[in-house]
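**Student:** I'd like to ask some things about the structure below.
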Amino acid sequence: MEWIVLLIILSFLLRPKDRGKPYNHYFSLLNQQLQKKAGGQPSQLVDLDTVDNNLEAVQQRLHGKTKLRLVVKSMPCLPLINYLMERTGSRRLMVFHRPFLSFLHRYYHDVDFLLGKPLPIAAVARFWHTCDDEQKQRLSHIQWLIDSPERLRQYLRFARQQHIKLNINVEVDIGLHRGGVSSADELSVLLGLIADHPRYLQFSGLMGYEAHIAKLPTLPWRKQQQLFRARDEVARRFTQLVSFIQQQFPDLWHDQLTLNGAGSQTYMFYQHMSLFNDISVGSALLMPKSFERHWLRGHRAAYFIATPVLKKLNRFELPFLEVISKAIGWWNPNWRQALFIYGGYWKAIPEAPGGLSLNRLYGRSSNQEILTSSTRTALTMDDFVFFRPQQSEAVMLEFEDLLIVRRGQIVEKWPVLSRSISEVSHG
Ligand SMILES: Cc1ncc(COP(=O)(O)O)c(C=O)c1O
């Protein structure tokens, strides 16, 4: 008897706090507009005012001599890329996908493209054979990324067959261990091949991505120190390779080489260093959830998914366990109601209103996902719930458009890149 009383007291004391909250003003306004403008289906939104804020944060923290390169895969939307290029004056893009390269290279006549990963030679061939004559004249606007002698030999063979010259940027491993050359000896083999074939190959620089720094497991009291130590190690490796080129291949060295590095989570570590003259940033402009780092504090979330509530049930019931679910609902105020939404299972987590949660006990669904919540969320049928994507690159292409927000108002609809491409090829 005593232990039953103890159990009741304990479960009362351990009861989760009610996390439910209605929308704040921002999401309440968006909800009202989405009900009129979203056509009753899942949508994605980008707030351009927040993008501007994030862009300013980036620009303030770039070393004066460093050029910004926009990462296409992290914001695959042509009007968004146009907007960012206009605001920054950047004419540099990093691309990762052959169809995007083909489309963007045809579209932009004055942009420098750096591949963010080494493409198979078959993709290079597909690119070349789908170029129009005018594009073929602008092959020098592309820097192909090369990670190994085997790949460079493939590219050389192709350049010879087609009587063309390819710009070669060498991927270097400065700690990420995702491939690329990691020693002067390996670099020497690639540079030797390039130097021996000046008709077909042109050295255009190095690319050293170092996202591992941002993932470094650190002791809380030594965070800053450990991060800077990892950054210094990256700098040491990169500088060593640069010095090697200057000393051993002086004919390949010049000031216009592209020395690319960094990304959204690390760009700010080089603001007092002229290690890279070309820094890539994409995701930090939209700030998906998984990019949150304490050193990215000035960046705010600019990108959301919104979807209508189809059904609101004032109870949460697990099939076969109805009685137990009722007890859980009594115990946990955040499981008092079940919302079934239009779509779901995105790489995203609920953001607004407060206190919504995915329910893994019930299971995930891409068709009608369940969210559990407290009654304080004050949602009703047809209201929109907001999610914060964990990343932008995969999620954005799951939709056709972006709804663009300015001063809290949905003002435009911009197509995602895959849609722009299919409209051109079908139009
Ligand atoms: C080579 C390379 N550079 C830069 C980036 C940075 O992209 P983001 O700024 O979107 O993180 C990435 C991301 O995967 C990458 O692979």
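For every residue, the table says whether it meets (1) in contact with a strand residue (DSSP E or B) (Cβ under 8 Å, 6 or more places away or on another chain); (2) surrounded by 12 or more Cβ atoms within 10 Å (Cβ to Cβ).
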position	(1), (2)
Leu13	no, no
Ala38	yes, yes
Asn54	no, yes
Gln59	yes, yes
Leu62	yes, yes
Tyr83	no, yes
Met94	yes, yes
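**Student:** Another question about this same structure. Of the conditions (1) within 22 Å of Phe27 (Cβ to Cβ); (2) polar (S, T, N, Q); (3) surrounded by fewer than 20 Cβ atoms within 10 Å (Cβ to Cβ), Asn332 fails just one. Which one is it?
**Tutor:** Unmet condition: (1).
**Student:** Within segment 164-191, work out how many residues are within 17 Å of Leu257 (Cβ to Cβ) and either touching a residue at least 60 places away in the same chain (Cβ under 8 Å) or open to solvent by less than 50 Å² (accessible area, probe 1.4 Å) (or both).
**Tutor:** Here the count works out to 15.
Results for (1) over 23 Å from Asp173 (Cβ atoms); (2) hydroxyl-bearing (Ser, Thr, Tyr); (3) in contact (Cβ under 8 Å) with a residue 12 or more places away in the chain, shown as yes or no for each residue.
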site	(1), (2), (3)
Gly64	yes, no, no
Met85	yes, no, yes
Pro118	no, no, yes
Asp133	yes, no, no
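**Student:** Pull up segment 294-308, narrow it to residues that are away from the ligand (no atom under 13 Å from the Cβ) and more than 30 Å from Ser365 (Cα to Cα), then point me to the one that is most open to solvent (accessible area, probe 1.4 Å).
**Tutor:** Arg297
**Student:** I've got another one for you. Out of all the residues in segment 350-378, which are at pLDDT below 95 and either among the aliphatic types (A, V, I, L, M) or over 19 Å from Ile328 (Cβ atoms) (or both)?
**Tutor:** The answer is Leu361, Ala378.
**Student:** Taking interchain pairs and intrachain pairs at least six residues apart, which have beta carbon atoms under 7 angstrom, with the first residue in segment 386-398 and closer than 17 Å to Ala38 by Cα and the second surrounded by fewer than 20 Cβ atoms within 10 Å (Cβ to Cβ) and acidic (Asp, Glu)?
**Tutor:** Phe386/Glu351; Phe387/Glu351
**Student:** Out of (1) surrounded by 17 or more Cβ atoms within 10 Å (Cβ to Cβ); (2) closer than 30 Å to Asp49 by Cα; (3) of a type in the set (Val, Ile, Thr), the odd one out for Thr372 is which?
**Tutor:** Every condition holds for Thr372 apart from (2).
**Student:** Same structure, new question: Just checking, does segment 7-19 include any residue being among the hydroxyl-bearing types (Ser, Thr, Tyr) and under 15 Å from Asp383 (Cβ atoms)?
**Tutor:** no
**Student:** Exactly one condition in (1) part of a helix (DSSP H, G or I); (2) within 20 Å of the chain's Cα centre (by Cα) is false for Phe27; which is it?
**Tutor:** So Phe27 meets the others, but not (2).
**Student:** Okay, next question. From Ala262, Ala301, which residue is on the phi > 0 side of the Ramachandran plot and touching a residue at least 40 places away in the same chain (Cβ under 8 Å)? Give the derivation first.
**Tutor:** Numbers: Ala301 fails: on the phi > 0 side of the Ramachandran plot.
Exactly one residue qualifies, and that residue is Ala262.
**Student:** Please note which strands (runs of 3 or more DSSP E) are completely contained in segment 176-293 and include at least 2 residues that are more than 16 Å from the ligand (Cβ to nearest atom).
**Tutor:** 201-208
The values are calculated or read from the model by the stated rules, or taken from the named source; none is laboratory data. Note that the coordinates shown come from a computational prediction; the quantities given were computed from them, not determined experimentally. Every residue, glycine among them, receives a Cβ derived from its backbone with ideal geometry; neighbour counts consider all protein chains shown. These accessible areas exclude ligands, DNA and RNA; they are computed on the full protein's heavy atoms, side chains included. Shrake-Rupley method; radii C 1.70, N 1.55, O 1.52, S 1.80 Å.
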